[in-house]
1. Once you have the alpha carbon radius of gyration of segment 493-551, what is it after dividing by 2.2 N^0.38 Å, with N set to its residue count?
2. Return an integer: the convex hull volume of the alpha-carbon atoms of segment 203-281, in Å³ per residue.
3. Report the equivalent ellipsoid semi-axes for segment 861-955 in whole Å, largest first, defined as the square roots of five times the eigenvalues of the gyration tensor built from alpha carbon atoms.
4. Can you give me the % of accessible surface on segment 429-533 that is carbon or sulfur? Probe 1.4 Å, all protein chains present, nothing else counted.
5. Name the helices (complete DSSP H segments) of the chain with a Cα length along the long axis of 27 Å or more and a Kyte-Doolittle mean of at least -1.0, or state none.
6. Among bridges DSSP assigns within the chain, what percent are antiparallel (round to 5)?
7. Estimate the FRET efficiency between Val1014 and Arg605 by the formula 1/(1 + (r/R0)^6), using the beta-carbon distance for r and 25 Å for R0, to the nearest 0.05.
8. Name the shape class, rounded, prolate or oblate, that the alpha-carbon gyration tensor gives for segment 122-260, where a ≥ b ≥ c are the square roots of its eigenvalues, rounded holds for a/c under 1.5, and otherwise prolate holds if a/b is larger than b/c and oblate otherwise.
Amino acid sequence: MSKRSSENTQQVLPGKRSKMSDTTMANGVDTVTEIDEDLHSRQLAVYGKESMRRMATANVLVAGVTGLGVEAAKNVILAGVKSVTLQDTASCTLRDLSSHFYLSESDIGKNRAEACKAQLQELNTAVTVSAAPVPLTEELVADFQVVVAVDVPLEQAIRIDSFCHANGIAFIRADIRGVFASVFCDFGPQFTVYDVDGEDPHTGIVAGITQGPTTLVTCVEDDRLEFQDGELVVFTEVVGMPELAASKPIRVRNCKPHSFELELDSAEFQPYQRGGIVTQFKPSKELAFKPLAASLADPGEFLLTDFAKMERPALLHLAFQALDAFAVRHGRLPAPGSREDGDALLAAVHELAASAPGPQVEVEEQVVRWLASTASGQLNPMAAMIGGFVGQEVVKAASGKFHPLHQWLYFDSIESLPAEIPEASQLAPRGSRYDDQIAVFGAELQAKLAAARVFLVGAGALGCEFLKNFALMGVASAGGGSLTVTDDDTIERSNLSRQFLFRDWDIGSSKSGVAGAAARRINPDLRLRALQNRVSPETEAVFDDAFWGGLDLVVNALDNVNARLYVDSRCVYFQKPLLESGTLGPKANTQAVIPGLTENYGASRDPPEKQAPMCTLHSFPHNIHHCLTYARSEFEGLLEKTPAEANAFLADPEKYIASVRSASDAAAREQLERVTEVLVSEHCTTFEECIAWARRKFQQQFHDRIAQLIFTFPEDAKTSTGALFWSAPKRFPKPLEFSASDPAHAQLAQAAAILKAQVHGIPIPAWATDVGRVADIAAATPIEPFVAKEGVKIETDPKASSVAHAMGSDEAAIEANIAKLQASIRPGTALQPIVFEKDNDANFHMQFIAGVANMRARNYDIPEVDKLQAKLIAGRIIPAIATTTAMATGLVCLELYKVFRGAPLEAYRNTFANLALPLFAAAEPIPPKHCAFRDMRWSLWDRWMLEGDLTVQQVLDWFREKGLEAYSISCGQSLLYNNLFPKHKERMGTRMSELVQTIAKQTIPENRRHFDVVVACEDEEGEDLDVPLVSIRFR
């Protein structure tokens, strides 16, 4: 390797420095690069500002604008590099349309790079996109920081990579051949990874430190520690033991859920007193890459994608080399279905295996023959999956964020293929845009795809990618085929960084409508219907039995669990296959849900997110998440819920008062007090009054409440057990004094005043944008001096569901507030509640929330956050990037082939992937749990159908004939029959359809021929037995 490096240095161009070796940048950092946070908020949640700044100075060359090349280019442009240049000397052919979404029949004969440049440019106008219809040479690549070589012959790739390796240019080579793929990365002899996994550092709150040769650290038991043996940690906020805070990062060992040891002798340290935060230290990592020529002979460790194929990468490493040699020798790739070409490739692989150094590679004949037969086909799902992966590697090269591939990835989806290689006649071209797909799967499967009836739920990031994939694959493009897509959402600006079918001019339009129209432009034959309905129990009249019954496949592209569970339940009920997927930043998972073969999506669920106790949020926060949660709650309470409640009073005062008096409890009192505040004591009529309100709120929140808390619980207060009250994780607070000269105070006052004015419909003067003037008016507001109160109850029980209520009689307080409201009713007035919107930086919503959170953080000496970080946390923004989305949908569409070929269980794959590491974990789906009784066997996929307008007795008899004793029948929440109730015996002769309508109060639609009941049964031995849902077809 050192010799190769020495030889390569001779190729460095005069006057050119290494582009990747400077550790201050992965691609030439420009720290002044501005990032459009509104557009890239979801992406910033993944990469962070520093990585995106590095990325925004990278010039990227994509050589080979095939289906894979354009996928990679699309993802990189959306990510926000400086420029992307498309190099290609080939002209567009009809077969390109099988995998290339920016080419059409009108482009045939044109240069591929030139033909798609304009549409790629539309994806992100901040990225310069250009075409280079010239040969790929060293001179061309010299001006780039990252080079992606797609469909570039091996000999040429070796030459280009050698130049890149010597000149500090990251080089990525990628190819897809049918259902096979190869990716190689060379980021040079020295590459710095600044963040290997993108995860937030683990933290813990220190409860105690035991000194000695072995230093034991114990932490509070609120949360389990996530430290791993061998990791490094640093300490902050420790009182006592100053040597610890001054130490370099310390290695940990013997990590347990709430303790760990330090590889540190602290016997001579000063004593530990209290407190402290321990945080994982994440060092950067240096990597050395071998050039392509050296790595061919010594590939090192391959990245596995399927643990059932441990030996497959070594075989494909040789097979792809043999395939390159075949293409050079014959001027073409092996012909689909050609036995002769398969024999030739197999012989070449055997020859390479015999001479390869290291362990003997087992040659799987069928794998090599499948590679030969399918190599000429460029499949869209493969382009999407590998294009997502390659796009992420480009981002890593440009930013140093996440661990790059080191250095080889081989992937195959042989399970998507038929059991046997089809006859050559089935694979022969038809003069169709789908000829590449036909070359892999045959004309028969293509016809099934064209006639498929598919339901796509969601048209966001995943939905856009799916629609593109379906259009290129020819799904629902002929015959009785149909593709229904639905999404009730509209397009927002923040969508544009990853939902690639949308443009600036589409903002505000229906997602499904715009995405559907874009998909039809990719393939005009697409038989698509776009709807704007949410799929839920409320829309079952739209998505009725006939709709679900007429489907062949359902594909979810949803972003919330509840919606996924509902669609899953419908698929189980109607026995329809469901392809499920989801992403979270660089992570993705896919799941195939196949009737009778696999468990359903709802069979396994993540544990619910842990919620902070109410008392922690209101009085004892100890991290910025607590502060932001509190700030979001204050926004919704002051500006949305309370004004809405006040409007309910104003709409009908008598009815509202009667309702409050009827409840007459603490909750009703608290609610009425808030209404009284907004309509009486805190009612504003001028903008100056709104500023004064903002100043008083500042005083109440960040001074008086804290001062009262300190009065109630002084710093030396102790618990009933004698322990210090202010022990970890509690942080002793301090009150804040408002200062007009403090920018954070001024900006919070400005935001609060403007939002208060909006609630009361008060015109906002032009000078309201002058934050200094607003702050001066706020500072001049008279403030009553704080007087501590005795006997104030502050909730400290972490199990309490609400904060402590005020003292005194609820009824008396309610009557007092009613009197105030009745005396100040203003006929015809109404407030304007404000609904939180995180993605409009000009609306002052996030300025208010960030301000409240940071002031609260100052109260408790918690590190503050900027507005972007506040938006990510308080806005509950789900991190999302285009690369992961593309990869996930590619994997799902490889499963789609299996659905339409009727594949067995062992062919399907559920995949978890993390592009940050990178990591792939594919596994066969879990089969459903089965129940058995006598000669019957069933699972959740089964539904027992009883024919006729049956009586209760007839239903019981039906079960008795099967050896089961039905003792209870229910419908929804209603019990139709139970043998424990004597009166229910009177229902034995009543028809079930009548009971469903009279007892269960269900209306059976005219177009529905059946209804469902749940039957509880016992077997002959009196043991309960779970039986399937029972449907009675009474019409």
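The values are calculated or read from the model by the stated rules, or taken from the named source; none is laboratory data. These numbers come from a predicted model, not from an experiment. Here the Cβ is made from the backbone with ideal geometry for all residues, glycine too, and neighbour counts use every protein chain on show. When the accessible area is computed, the model is the full protein with side chains, heavy atoms only, and any ligands, DNA or RNA have been set aside. Shrake-Rupley method; radii C 1.70, N 1.55, O 1.52, S 1.80 Å.
1. 1.36
2. Per residue, the Cα convex hull of segment 203-281 comes to 71 Å³.
3. Result for segment 861-955: semi-axes of 45, 25, 14 Å.
4. 49 percent
5. Helix filter hits for the chain: 380-399, 882-901.
6. Given both bridge residues lie in the chain, the antiparallel proportion sits at roughly 65 percent.
7. With R0 = 25 Å, the Cβ-Cβ based efficiency is 0.70.
8. prolate
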